[in-house]
Structure formats: structure tokens, C-alpha cells
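A.B. asks: Supplied in C-alpha cells, the structure appears directly below.
Here, each number is a calculation from the coordinates, and none is a lab measurement. As the structure is a computational prediction, the values presented were derived from the model and not from experiment. For neighbour counting, all protein chains shown are included, and Cβ atoms are generated from backbone atoms with ideal geometry for every residue, glycine included.
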Amino acid sequence: MAADFDKENWMEDSRQFLQVCERHNMPAYLERSRSGNGGHVWIFFQQPCPAWKSRKIGYYLLREAGILSEFEKDASFDRLFPNQNSHSGKGLPI
């Protein structure tokens, strides 16, 4: 799973998210985006985890970090990947 952070305060939000992951003994890794104006925090699971469940965990951690709340209007969080539960099975167009 990856949490995508953009905007001006992406680094601060990413660090808050990483700290919450650490408190839960959940190894997480920050990758700076190619643009240099954002980052992705990656969490790898030891066993396969359904997409919906990984997003549920991600949203829980984001709320605990104070990044997602009804009061926070300037959060740099954009979205979680994977952002869908299943693939059509058709593959990529060639």
C-alpha cells in the first residue's frame, strides 16, 4: 500500500504518518516523487492483503496521525494505492 502526499506540507505530513506507523510496529518507507514536490509512504505486508483491507488500515493510520479529519483543510494527503478492489483481468493495452 502507498499513501500519496503532495502540496507544500507533504514532508511534514509524511513524517507524521511514518511516526504513527512506527508506533504500531508497522515498517513504512518514504519515497520522494519524481517531481520532487511530494512523496509516497509505502507499507509492505508479509502476506497478501486485500486492497480494501489495506486501505482501511491506511485510513486508520492517517486519522490517527491527524492528517485526515473534518477539521484539517490543508492536508497534503492525496490518495491511497491501490485505489480499487479488483482488476478487470483484461491486462494492459499493447
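A.B. asks: For the chain, what percent of Cα pairs sit more than 19 Å apart?
C.D. replies: In whole percent, the long-distance tail amounts to 41.
A.B. asks: Can I ask one more? Sequence gap at least 6, Cα distance under 8 Å: using those rules, report the relative contact order of region 2-81 to the nearest whole percent.
C.D. replies: With pairs under 8 Å counted, the relative contact order is 44 percent.
A.B. asks: Something else about it: By count of other Cβ within 10 Å, fewest leading, how are Asp6, Asp74, Asp13 ordered?
C.D. replies: Starting with the residue having the fewest Cβ neighbours, the order is Asp74, Asp6, Asp13.
A.B. asks: Dividing the alpha-carbon radius of gyration of region 1-52 by 2.2 N^0.38 Å (N being the number of residues), what value is obtained?
C.D. replies: After normalising by residue count via 2.2 N^0.38 Å, the value is 1.17.
A.B. asks: Still on this structure, please answer the following. Which residue, Gln46, Tyr60, Leu18, has the largest displacement toward the positive end of the dipole of the chain when charges sit on each Cβ (Lys, Arg +1; Asp, Glu -1)?
C.D. replies: Looking along the dipole axis, the top candidate is Gln46.
A.B. asks: If you stretched the chain out fully between Glu12 and Gln47, how much longer would it get, using 0.36 nm times the residue separation minus the C-alpha to C-alpha distance?
C.D. replies: Additional length available on full extension: 9.6 nm.
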